[in-house]
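The values are calculated or read from the model by the stated rules, or taken from the named source; none is laboratory data. Bear in mind the structure is a predicted one, so any value in this text is a computation, not a measurement. Virtual Cβ from ideal backbone geometry, glycine too; neighbours counted across all protein chains shown.
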Amino acid sequence: MILRISKSVWVYALSLLLLTCGGCGVYSFSGSTLPPDVRTISIQNFDNSTGEGPANLTQLVTNNFKQFFQRNSNLNIVQRDGDLQLEGQIVSFTYTPAAIQREGINDIAGLNRLTLGIQVRFTHAKDPDKNFDRLFSISQDFQQGRDVTQISPAEIDALTERLVTDVFNKTVADW
């Protein structure tokens with residue numbers, strides 16, 4: 001015997017589920033766990049203290065932070081003194097051999113690794129226990145013979161996006 005449930009029972013159950021998940025305002029489907037009184041974030045420029053990388057690296061990193069937080073949270077970006085505050089600097093942009101292999105009498109790089117590191121200072125004005133000053137670093141390997149100048153802006157952008165995701169998870173998603 002097949003049990004049939006009326007359409008109104010399904011609608012009621014779904015409504016109850018949605019209210020349970022979204023009613024308190026602390027959890028969102030983007031993964032952020034912000035209390036309802038946290039509404040703003042200020043993101044300062046991430047200056048490139050290395051002198052390495054593309055000329056627009058400061059702008060690229062800073063814009064990726066702002067766009068990612070706008071897309072994945074309900075926070076409003078303000079110029080300064082937000083409920084949450086992010087600032088820091090780019091401290092590494094290095095392109096180094098990652099997998100050394102021997103060809104005859106010479107050692108060559110089988111892979112090259114681009115590493116991007118940023119020092120992030122996070123201030124939570126409503127909960128100072130969550131403040132931190134920490135280095136975030138991410139790497140990407142590239143095939144042999146590829147020079148750092150041959151890495152496309154889109155590849156650097158993707159690397160930056162992964163780094164921003166790590167910072168977002170530590171600050172807003174509390175992972």
Of (1) at pLDDT 80 or above; (2) more than 23 Å from I41 (Cα to Cα); (3) among the acidic types (D, E), D127 satisfies all except one. Which?
(2)
Quick one: what pairs do we get from the range 153-175, first residue within 16 Å of A55 (Cα to Cα), second of a type in the set (G, A, S) and in a loop (DSSP other than H, G, I, E, B), C-beta under 9 Å, 6+ apart or different chains?
I156/G53
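Kindly establish whether L84 is surrounded by 21 or more Cβ atoms within 10 Å (Cβ to Cβ) and closer than 21 Å to D37 by Cα. Please lay out each step first, then the result.
Details: surrounded by 21 or more Cβ atoms within 10 Å (Cβ to Cβ): yes; closer than 21 Å to D37 by Cα: yes.
So L84 passes the test.
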Can you tell me how many residues in the range 36-59 are part of a strand (DSSP E or B) and touching a helix residue (DSSP H, G or I) at 6+ places or on another chain (Cβ under 7 Å)?
6
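Looking at the structure I just gave you, is I156 in contact with a Pro (Cβ under 7 Å, 6 or more places away or on another chain), of a type in the set (A, V, I, L, M, F, W, C), under 17 Å from N64 (Cα atoms) and surrounded by 15 or more Cβ atoms within 10 Å (Cβ to Cβ)? Before the answer, list the steps.
Values: in contact with a Pro (Cβ under 7 Å, 6 or more places away or on another chain): yes; of a type in the set (A, V, I, L, M, F, W, C): yes; under 17 Å from N64 (Cα atoms): yes; surrounded by 15 or more Cβ atoms within 10 Å (Cβ to Cβ): yes.
Yes.
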Select, from I118, I138, I105, the only residue that is exposed (fewer than 12 other Cβ atoms within 10 Å of the Cβ), among the β-branched types (V, I, T) and either within 16 Å of F65 (Cα to Cα) or out of contact with any helix residue (DSSP H, G or I) (no Cβ under 9 Å at 6 or more places or on another chain) (or both).
I105
Considering only the range 55-95, how many residues are of a type outside the set (D, E, K, R) and touching a strand residue (DSSP E or B) at 6+ places or on another chain (Cβ under 7 Å)?
24
